[in-house]
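Colleague: Please see the structure below; I have some questions.
The values are calculated or read from the model by the stated rules, or taken from the named source; none is laboratory data. Predicted, not measured: the structure shown is a model, and the values here were computed from it. Using ideal geometry, Cβ is built from the backbone for each residue, glycine included, and neighbour counts are taken over all protein chains shown. Ligands, DNA and RNA are stripped out before the accessible areas are found, and what is left, the full protein with its side chains, is counted by its heavy atoms. Shrake-Rupley method; radii C 1.70, N 1.55, O 1.52, S 1.80 Å.
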Amino acid sequence: MPNSTMDRIKAEITDSFDEELELQLEEDRLDELVAEGMAEPDGQMLDRRVYFRELFRLQHELVRLQDWVQHKKLKVVVLFEGRDSAGKGGAIKRVTQRLNPRICRVVALPAPTERERNQWYFQRYVPHLPTAGEMVLFDRSWYNRAGVERVMGFCTPEELEEFFRSVPEFEHMLVRSGIILLKYWFSITDEEQEFRFRMRIEDPLKQWKLSPMDLESRVHWEDYTRAKEDMLERTHTQYAPWWVVQAVDKKRARLNFISHLLAQIPYEDVPRPEIVLPERVRHPDYLRHPVPPEMYVPETY
């Protein structure tokens, strides 16, 4: 194989790895802050080489799982819950990074509209449930009612109790319909949340992640703890159990979560026909027209 071809292949593989390295910029920036004395490392962080090796291996398995979900027409719902800055978004990015967005999609609903606030509570979530051959990842879910709505007073005590009465029946109905329902709570400590919030305040690339509601959550840490404990106790069922991810170490949390997710859905390789690249058809009477120079994007780099 010519060297030029090998170089192009190497460049393509390197670019694929760089996609993950770009996501790691936040950790790199954190390392710089640590070096400047803003925080002390605990010496127990996962070796980066081990992390990348395992992450790429698990992402390969996620692609196999995706193919199996599509092949067997499975319907998969994964709920991501946890405190603000617990690492839900980072875990979701690592799951979806190599997957087909037509098969695996993320749902992150904004605050309900006036019309939605007067609907049946679960109604706004139902249209986002998967059809056959789809995986849907809910970045926060109907459990908003048991968390932020409860703590911040956005629902009445009566509405909260109705939620706790209804959600086991709602989820049982989903499971009976053939949906594979997986619920994950990402758990961090008080000290870790404060540290991550301070990092966001100091980092202009991450300040957008801090909403007034996030800041208010610091005041209500204990209220959220009580709400979480009550939620887990009242909604942990045999057919829709909760799984708690220890998320103080982001890298370990991602690997542990993805590994566990893969173990919940038995999958196999999907038989595939051999792919043959067809020859390009050329027409001698076709003349390609030049693109006007003013239409090109300036090559600044």
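Colleague: Among (1) touching a residue at least 60 places away in the same chain (Cβ under 8 Å); (2) farther than 16 Å from THR235 by Cβ; (3) not hydrophobic (A, V, I, L, M, F, W, C), there is one condition ASP190 misses while meeting the rest; what is its number?
Modeller: All conditions are met except number (1).
Colleague: Mind telling me which of the residues THR237, THR225 ends up being hydroxyl-bearing (Ser, Thr, Tyr) and under 29 Å from LEU74 (Cα atoms)?
Modeller: Residue meeting the stated conditions: THR237.
Colleague: Return the residue satisfying two criteria in turn: it lies in segment 215-245 and is of a type in the set (Gly, Ala, Ser) and at pLDDT 95 or above, and of such residues it is farthest from LEU181 (Cα to Cα). Walk me through it before giving the result.
Modeller: Going residue by residue through segment 215-245, those that are of a type in the set (Gly, Ala, Ser) are 217, 227, 240.
Adding the requirement that they be at pLDDT 95 or above leaves 227, 240.
Values: ALA227: 22, ALA240: 6 Å.
Among those that are of a type in the set (Gly, Ala, Ser) and at pLDDT 95 or above, it is ALA227.
Colleague: Taking interchain pairs and intrachain pairs at least six residues apart, which have beta carbon atoms under 9 angstrom, with the first residue in segment 214-232 and over 20 Å from PHE195 (Cα atoms) and of a type outside the set (D, E, K, R) and the second open to solvent by less than 60 Å² (accessible area, probe 1.4 Å) and assigned to a helix (DSSP H, G or I)?
Modeller: Partner pairs satisfying both residue conditions: ALA227/VAL148; ALA227/VAL151; MET231/TYR143; MET231/PHE164.
Colleague: For segment 64-89, which positions are within 20 Å of ASP139 (Cα to Cα), in contact with a Leu (Cβ under 9 Å, 6 or more places away or on another chain) and open to solvent by 20 Å² or more (accessible area, probe 1.4 Å)?
Modeller: LYS75, ASP84, listed by residue number.
Colleague: Only one of PHE170, PHE138, PHE186 is of a type in the set (Phe, Trp, Tyr), closer than 25 Å to LYS75 by Cα and in contact with a Leu (Cβ under 6 Å, 6 or more places away or on another chain); which? Give the derivation first.
Modeller: Details: PHE170 fails: in contact with a Leu (Cβ under 6 Å, 6 or more places away or on another chain); PHE186 fails: in contact with a Leu (Cβ under 6 Å, 6 or more places away or on another chain).
Just one listed residue meets the conditions, PHE138.
Colleague: Being in a loop (DSSP other than H, G, I, E, B), aliphatic (A, V, I, L, M) and either open to solvent by 60 Å² or more (accessible area, probe 1.4 Å) or touching a strand residue (DSSP E or B) at 6+ places or on another chain (Cβ under 8 Å) (or both) is the filter here; which residues of segment 114-151 pass it?
Modeller: Correct list: LEU129, ALA132.
Colleague: May I ask you to verify whether ALA240 is in contact with a strand residue (DSSP E or B) (Cβ under 9 Å, 6 or more places away or on another chain), open to solvent by less than 40 Å² (accessible area, probe 1.4 Å) and more than 24 Å from LEU174 (Cα to Cα)?
Modeller: no
Colleague: Moving on to the next point. When residues of segment 282-297 are filtered for being open to solvent by 100 Å² or more (accessible area, probe 1.4 Å) and in a loop (DSSP other than H, G, I, E, B), how many remain?
Modeller: Within segment 282-297, residues that are open to solvent by 100 Å² or more (accessible area, probe 1.4 Å) and in a loop (DSSP other than H, G, I, E, B) number 11.
Colleague: If you take just the helices (runs of 4 or more DSSP H) that sit entirely in segment 165-266, which of them hold at least 3 residues that are touching an Asp or Glu at 6+ places or on another chain (Cβ under 8 Å)? Don't jump to the end; show me each part of the working.
Modeller: Working: elements: 190-202, 212-219, 221-235, 250-264.
Here the list reads 212-219, 250-264.
Colleague: Where residues in segment 95-113 are assigned to a loop (DSSP other than H, G, I, E, B) and of a type in the set (Lys, Arg), which of them is nearest to ARG57 (Cα to Cα)? Can you show your working first?
Modeller: First, pick out the residues of segment 95-113 that are assigned to a loop (DSSP other than H, G, I, E, B): 97-103, 108-113.
So of that shortlist, the ones also of a type in the set (Lys, Arg) come out as 98, 102.
On the way: ARG98: 12, ARG102: 22 Å.
By that ranking, first place goes to ARG98.
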